[in-house]
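Student: Below: one structure in structure tokens.
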Amino acid sequence: MRSRAASAGLVLALVASFTASLAPSLARAQAPNPTDPVPAPSATSATSPSTTAASPPADPPPAVTARPPDKPPAPAESPGNDEPPNVEAPVKPAAPEPGILEQITSGFSFGSYGRMIAGSDFRGRPGRDADIVARGSRLDESNYVELELRRDDYWQKTDSRTRVVATLALTNPVFHYSGDFDVTLAIRNLFIEERDLGIKRLSVWVGSRMYRGDDIYLLDFWPLDNLNTLGGGLRYELTESGRTWAALHAGVNRPPGLFYYQQSQRPAPNNAFGATTVDILNRQQTIGSLKLSHLIPLSGNAGLKGAVYGEVRALSSGQRETDPGVFEDVPAENGFVVGAQIGAFTGQRDTHLNLFFRYARGLAAYGEFARPTRLSLERTTDGAQEVLVAAGGNWETGPFGLMAGAYLRSFRNASAALDNDDIDEGIVALRPHLFFGEWGGLSVEGSFQAQQRGVLFAEEPAEGETKAAPTGPLTGTMWRFGVVPFLSPAGRGDYSRPHFRLIYLVSLRDKGARAFYPKDDVFGLREVEHFFGFGAEWWFNTSWNYGG
Amino acid sequence: MRAMSKSVVVISALAALTTGLGCMSFEEQAQGEITLGTHVDDWRQEVIYQVLIDRFADGDAGNNYRVDLTTPGHWHGGDWKGLEDKLDYLQDLGVTTLWISPVVKNVDTDAGFDGYHGYWTQDATEVNPHFGDLSALRSMISAAHEREMKVILDIVTNHVGQVFYYDINKNGQPDNDVFGGGKTGQSPVEHVTEYDPEFDPRGIQSRTSLGESGPAPVVFQYDPATNHVPPQPVLFQNENVYNRKGRTFNFDDLDQLVHGDFPGGLKDVNTSRCDVKRSMVDVYARWVELADFDGFRIDTVKHVEHEFWRYFAQNLRLRLAEQGKNKFFMFGEAFDGSDSLIGSFTKHEVPAHPNDMLLGGDLARENGPEEAGGCPGAAPITGDMLDGVFYFSQYFQAVRDVFRDGQRTAKIKELWDARADNFGSEPNANGTGIAPSKTLVNFLDNHDVPRFLYNGSGVTQFKVDPELALSNALLFLLTEDGIPCIYYGTEQELDGGNDPANREDLWNTGYSTENATFQWVKRLTGIRKRHKALTLGDQTVIWATDHTGDEEDAGIFAFERAGGDAEGSYALAVFNTHLAKTSSTKFEGNVMKTSLPEGSTLVDVLTPDYQAYSLGADGELDLTLLPTTGALLIPGEQVSPED
């Protein structure tokens, strides 16, 4: 009993430390953003019941659907994944006994990512996400929580391991805000993964899975790979050390909307009474991805990491009914993504830097759950493209830490002419921390974001004046400055959680940024925006990427 | 830190990557103010082609919002980019001026119909996003100008779209009310729609079953999804700028004609107000300044006071001339068979017509202070109005009655002889430099009448091959005095009936340039361009007849084009409009006499072998034509190899 208890405790401790030591940017927690992640500014508030996403927005397309990280990118001694498996610590002197994870038998575990906030704009309205870019500051993100339940088993007969992961995500409305028994929820993970069955270092998974690589915590953004599909995949570590691996995945999804699905009424068959529904168009998107990653250890716990990534997407042709009995052909669609990542980490205190590049074309440019609009003359997504470069990192020394995140993104939809849904945008964000011992500290955040849209902009004239001719594409910029004192029971560290915090954030919009909003929207009327909130963020023991 | 410093973080090709990130790149001409220019030399030499943008060509699927190709009354997706893409097609056809449907933002949909035609203005200061943005509009116009083509904008000043309803029963919602029991002894049943009630000279009154209670409140709608939102500019959100008298049902009543809402709930603007006049000048001059249009086609001209046209036309010309836009051509649509009425909008005297007098047309008052009912402009108002009008009387009496129905050709001569009396005979100051009587816009059909080839219900049936009749009518159109206007699709032999059947999608034709009518128009526009007589020459009828039976000359009509500014160029057009009989240019020994001397040679450039005729004594020409055919005779020495 004592040995088992001791073993169990040691396992838990090692799992905790193992997960903390994983490769850079292991953040995970998701922003509820299941639908189109719009670049347009949000009309919902952080705490209002109508908020469903961190960056909700209204309209169109693209953007990478990013989820807020859950786990900070603790520099790893070796790249791992979230399995029990091997992963001997590359540089630490190993105990002579077998790897502790090999001693894991079975058990349930629970993990969570969450954030809660009560916010205000100092003008009586709830706090509201004021970013003008798709992935902006997350200080004014809305409430979100993931509850994760896992079951790990070691199968002695086959010397293999399985893990079942079920993650329930919930977001606004919150009962204590609205008084309504109502909530938005989603199943973010429901999959099973095995490792070492038959082939050592090979893991296979099947199910519904958040399947993604490294993130930029500061922007709640997975720039390179961030898929949500129903499917499966396999991952193979080409070397004993696990530093080189390849992951292959295939899955399907089918967002709502006439681009994918149409149901029509028909008389019941066989002269029966009433009507029934028939799926006239029902096509699901097939996505396949391949990622290759290699880590080069340096002295100490430091290392370099590189990855290449590719994705293909396909959607079959079909028919859509325009009038009863009248059909139009819906062409097949396809797309692809190519990308790469290079990173470096010190292995000390989560210090790392990652650079990402991603190019998407066709259907893939619109984003995973997008309902493509502004199509080509042939009514396809052919010609759409997205180019993205991004960087994210963290540096800590002594009582000081600095998080950074930046990206530049250019999206063009499939229609030849520039329009409101063609976007160039970017952000640079920095969040230095000053730690007061181990119990808390003060962080400030500054960001500059800009967005340009494919419409010509002319200022609205004063009453009685004639409107001037447009002077160029609509371009908006915004500076944001935030101050966040926090308490950190888990101790010092930029990625140390939980955090209890106060947030004050001021945003300065130029006239271009104000022009992004419709008439009478206060964000379109105000140059200066305040956000004040107090809240918390936590994460522990959650599943994250597949080891990228 | 040491580890970090040793680490090599390679930022690979960031510069290359950033160049791969696109920057928004609009053409230079799409931004900022543009320089206006005068792109026309002489409007008489132009051939106008009417384009219904929504139906002409779809060049950008990105603006295909709510497109429904299965329903004629809905958006179909045509846009300015599509028109620009097809300029080569139009240039090949030989047309030189494009009249495009209105560009302003419309009520998007109403009562199951969409505002695809452009005549339901909601925001006169914004482009209609269904057709593109300002960049696309400018690009199209610029591309047209590069091809020496001009662009005329269709504008509406008489009314706006269905932007408000009359709250007759004052219940705060738009209703279809029913009054009256309809039984014996009871009042008759009346259906009254608050969107479009019938005309009331007092203004629409509020009422319930208990009786009337004064003017009905006007309620501006607010449904952004269908763009039923208050109109722009802001002036037009003031209910007092509307006449608020309800729908015209008797167009012979002057009050209804000028002050009634246009059927379909289109709210009539009080164009007698000075602020309205100034706003209209400002709004539409601005469109020229933004996009460099070369002229206006003005909708529903007869529904607006002459006084308004005097103010509008003169002040617009002055404002545009200051910016280098001269010879700006403004012609109007007065859908009426009365020559005196449609011509009155081109005359120079005040009052120009009994309607003008009855509505108070008076230059002294018009030039007086606003408080006295005047509206001083940039310069003293004179009698000048429009540079031209659609020759509707000719449409009814010549195109329909003669070329389609084979009635007596003398009607045409009688009509033309009245021109001098009915139309302006002097150029307008700061105008085109040409008398309006010389720049009437001639047409065979348009978006408001059945196509010439239509042979269904509601029109007399063709008694001859319709395409033969069309060819003859096109010959008439492209040789007579005035500016020809060809409705899109004519060259593709479209044959739709009344609206919306006559607004077919041109892309369904494949834009064929090989069909007979396209080739015929192309040939005629080429001949017209090469022979100044057909554009700048005076017009003299040398044969017209009352005969429509078996007489020798039944159906014959002939006119010369010569003199004027034609510089010696000469052309003779001869038509046999009889539907069944071969006829000749003579009757009972009397042979048609031309103005050319005996022995002159005239060549029919429309015959394959260039049939030549030698004129007899007194320039006589005895020409025989098959039914529904014509001849175009040019002096032998003036014939071009390209003819």
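The values are calculated or read from the model by the stated rules, or taken from the named source; none is laboratory data. Everything numeric in this text was worked out from a predicted model, so none of it was measured. We place every Cβ from the backbone using ideal geometry, glycine too, and count neighbours over all the protein chains shown.
Student: When residues of region B:567-607 are filtered for being under 30 Å from the mean Cα position of the chain (by Cα), in a loop (DSSP other than H, G, I, E, B) and modelled with pLDDT of 95 or more, how many remain?
Tutor: The initial filter retains those residues of region B:567-607 that are under 30 Å from the mean Cα position of the chain (by Cα), namely B:569-579, B:606.
So of that shortlist, the ones also in a loop (DSSP other than H, G, I, E, B) come out as B:569, B:577-579, B:606.
Next, only the ones that are modelled with pLDDT of 95 or more stay: B:569, B:577-578, B:606.
Residues flagged as under 30 Å from the mean Cα position of the chain (by Cα), in a loop (DSSP other than H, G, I, E, B) and modelled with pLDDT of 95 or more within region B:567-607 amount to 4.
Results for (1) aliphatic (A, V, I, L, M); (2) within 14 Å of chain A (Cβ to nearest Cβ), shown as yes or no for each residue.
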{"position": "B:Gln256", "(1), (2)": "no, no"}
{"position": "B:Gly260", "(1), (2)": "no, no"}
{"position": "B:Leu266", "(1), (2)": "yes, no"}
{"position": "B:Val269", "(1), (2)": "yes, no"}
{"position": "B:Tyr284", "(1), (2)": "no, yes"}
{"position": "B:Ala291", "(1), (2)": "yes, yes"}
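Student: So, in region B:504-542, of the ones that are in contact with a strand residue (DSSP E or B) (Cβ under 7 Å, 6 or more places away or on another chain) and in a loop (DSSP other than H, G, I, E, B), which residue ends up nearest to B:Gly78 (Cα to Cα)?
Tutor: Step by step, filter region B:504-542, then rank; the result is B:His531.
Student: Please enumerate the residues belonging to region B:20-57 that are at the interface with another protein chain (Cβ under 7 Å from one of its Cβ atoms), crowded, with 19+ Cβ neighbours inside 10 Å and not in a helix (DSSP H, G or I).
Tutor: Those that are at the interface with another protein chain (Cβ under 7 Å from one of its Cβ atoms), crowded, with 19+ Cβ neighbours inside 10 Å and not in a helix (DSSP H, G or I): B:Met24, B:Phe26, B:Gln31.
Student: Here's something else I'd like to know. Hey, can you tell me all the residues within region A:325-337 that are exposed (fewer than 15 other Cβ atoms within 10 Å of the Cβ) and more than 10 Å from chain B (Cβ to nearest Cβ)?
Tutor: Result: A:Gly325, A:Phe327, A:Asp329, A:Ala332.
Student: Here is a further query. Among the residues of region B:188-205, count how many are more than 34 Å from the chain's Cα centre (by Cα) and surrounded by 11 or more Cβ atoms within 10 Å (Cβ to Cβ).
Tutor: Step one: filter region B:188-205 for residues more than 34 Å from the chain's Cα centre (by Cα), giving B:188-191, B:205.
Subsequent filtering for residues that are surrounded by 11 or more Cβ atoms within 10 Å (Cβ to Cβ) retains B:189-191, B:205.
Number satisfying all stated conditions: 4.
Student: Additional query: Sort through A:Ala462, A:Ala513 and tell me the only one that's in a loop (DSSP other than H, G, I, E, B) and closer than 30 Å to B:Gly132 by Cβ.
Tutor: Details: A:Ala513 fails: in a loop (DSSP other than H, G, I, E, B).
Just one listed residue meets the conditions, A:Ala462.
Student: Let me ask something else about it. Residues of region B:460-503 being in a helix (DSSP H, G or I) and not hydrophobic (A, V, I, L, M, F, W, C), which ones?
Tutor: Start the filter on region B:460-503 by keeping residues that are in a helix (DSSP H, G or I), which leaves B:466-479, B:490-492.
Selection gives B:Pro466, B:Glu467, B:Ser471, B:Asn472, B:Thr479, B:Thr490, B:Glu491, B:Gln492.
Student: I'm trying to understand the selection: among the residues of region A:346-364, which are within 14 Å of A:Ser410 (Cα to Cα) and either within 12 Å of chain B (Cβ to nearest Cβ) or within 18 Å of the chain's Cα centre (by Cα) (or both)?
Tutor: Those that are within 14 Å of A:Ser410 (Cα to Cα) and either within 12 Å of chain B (Cβ to nearest Cβ) or within 18 Å of the chain's Cα centre (by Cα) (or both): A:Phe357, A:Arg358, A:Tyr359, A:Ala360, A:Ala364.
Student: Answer yes or no as to whether A:Arg480 is crowded, with 19+ Cβ neighbours inside 10 Å, among the basic types (Lys, Arg), assigned to a strand (DSSP E or B) and within 25 Å of the chain's Cα centre (by Cα).
Tutor: So A:Arg480 fits the description; yes.
Student: Whether any residue in region B:157-168 is without any contact (Cβ under 8 Å) to a residue 40 or more places away in the chain and not β-branched (Val, Ile, Thr) is what I want to check.
Tutor: No, the conditions are met nowhere in region B:157-168.
Student: Hey, among B:Asp261, B:Asp275, which residue is among the acidic types (Asp, Glu), modelled with pLDDT of 95 or more and under 19 Å from B:Arg310 (Cβ atoms)? Break it down stepwise before answering.
Tutor: Numbers: B:Asp261 fails: under 19 Å from B:Arg310 (Cβ atoms).
Result of the check over B:Asp261, B:Asp275: B:Asp275.
Student: Then there's this: Scan region B:610-632 residue by residue and report those that are assigned to a strand (DSSP E or B) and closer than 20 Å to B:Val521 by Cβ.
Tutor: Pass one, region B:610-632, residues assigned to a strand (DSSP E or B): B:612-614, B:620, B:624-625, B:629-632.
Once the filter is applied, which keeps residues that are assigned to a strand (DSSP E or B) and closer than 20 Å to B:Val521 by Cβ, region B:610-632 yields B:Thr629, B:Gly630, B:Ala631, B:Leu632.
Student: Conditions first: (1) surrounded by fewer than 18 Cβ atoms within 10 Å (Cβ to Cβ); (2) touching a residue at least 24 places away in the same chain (Cβ under 8 Å). B:Thr71 passes all but one, so which condition is the exception?
Tutor: Condition (2) is where B:Thr71 drops out.
Student: Are there any pairs, at least 6 apart or on different chains, whose C-beta atoms fall under 9 Å, with the first in region B:630-643 and under 11 Å from B:Leu572 (Cβ atoms) and the second β-branched (Val, Ile, Thr) and in a strand (DSSP E or B), and if so, which?
Tutor: Listed by first residue and then by second, the contacts come to B:Gly630/B:Val574; B:Ala631/B:Val574; B:Leu632/B:Val574; B:Leu633/B:Val574; B:Leu633/B:Val603; B:Ile634/B:Val603; B:Pro635/B:Thr601; B:Pro635/B:Val603.
Student: If I filter region A:375-392 down to residues being at the interface with chain B (Cβ under 9 Å from one of its Cβ atoms), not in a loop (DSSP other than H, G, I, E, B) and not β-branched (Val, Ile, Thr), which single residue comes out as farthest from the chain's Cα centre (by Cα)?
Tutor: Filtering region A:375-392 for residues that are at the interface with chain B (Cβ under 9 Å from one of its Cβ atoms), not in a loop (DSSP other than H, G, I, E, B) and not β-branched (Val, Ile, Thr), the one farthest from the chain's Cα centre (by Cα) comes out as A:Gln385.
Student: Sticking with this one: Have a look at A:Gly454, A:Gly441, A:Gly426, A:Gly405 and point out the one that is touching a helix residue (DSSP H, G or I) at 6+ places or on another chain (Cβ under 7 Å) and either of a type in the set (Asp, Glu) or crowded, with 18+ Cβ neighbours inside 10 Å (or both).
Tutor: The unique qualifying residue is A:Gly405.
Student: Mind listing just one residue for me: the one in region B:82-125 that is touching a residue at least 40 places away in the same chain (Cβ under 8 Å) and of a type in the set (Asp, Glu) and, of those, nearest to B:Tyr511 (Cα to Cα)?
Tutor: B:Asp92
Student: Kindly evaluate A:Leu474 against the criterion of being within 14 Å of chain B (Cβ to nearest Cβ), in contact with a strand residue (DSSP E or B) (Cβ under 9 Å, 6 or more places away or on another chain), part of a strand (DSSP E or B) and farther than 29 Å from A:Ala404 by Cβ. Working first, answer last.
Tutor: Values: within 14 Å of chain B (Cβ to nearest Cβ): yes; in contact with a strand residue (DSSP E or B) (Cβ under 9 Å, 6 or more places away or on another chain): yes; part of a strand (DSSP E or B): yes; farther than 29 Å from A:Ala404 by Cβ: no.
When the stated conditions are applied, A:Leu474 does not pass them.
Student: With the condition kept exactly as written, say whether any residue in region A:449-459 is more than 9 Å from chain B (Cβ to nearest Cβ) and outside any strand (DSSP E or B). Quick ask: steps written out before the conclusion?
Tutor: The initial filter retains those residues of region A:449-459 that are more than 9 Å from chain B (Cβ to nearest Cβ), namely A:449-451, A:457, A:459.
Then keep just the ones that are outside any strand (DSSP E or B); that gives A:459.
The answer is yes; a qualifying residue exists.
Student: If you don't mind, another one. Looking at A:Gly310 and the list (1) away from every other protein chain (no Cβ under 12 Å); (2) buried (at least 18 other Cβ atoms within 10 Å of the Cβ), which single condition is not satisfied?
Tutor: For A:Gly310, the exception is condition (2).
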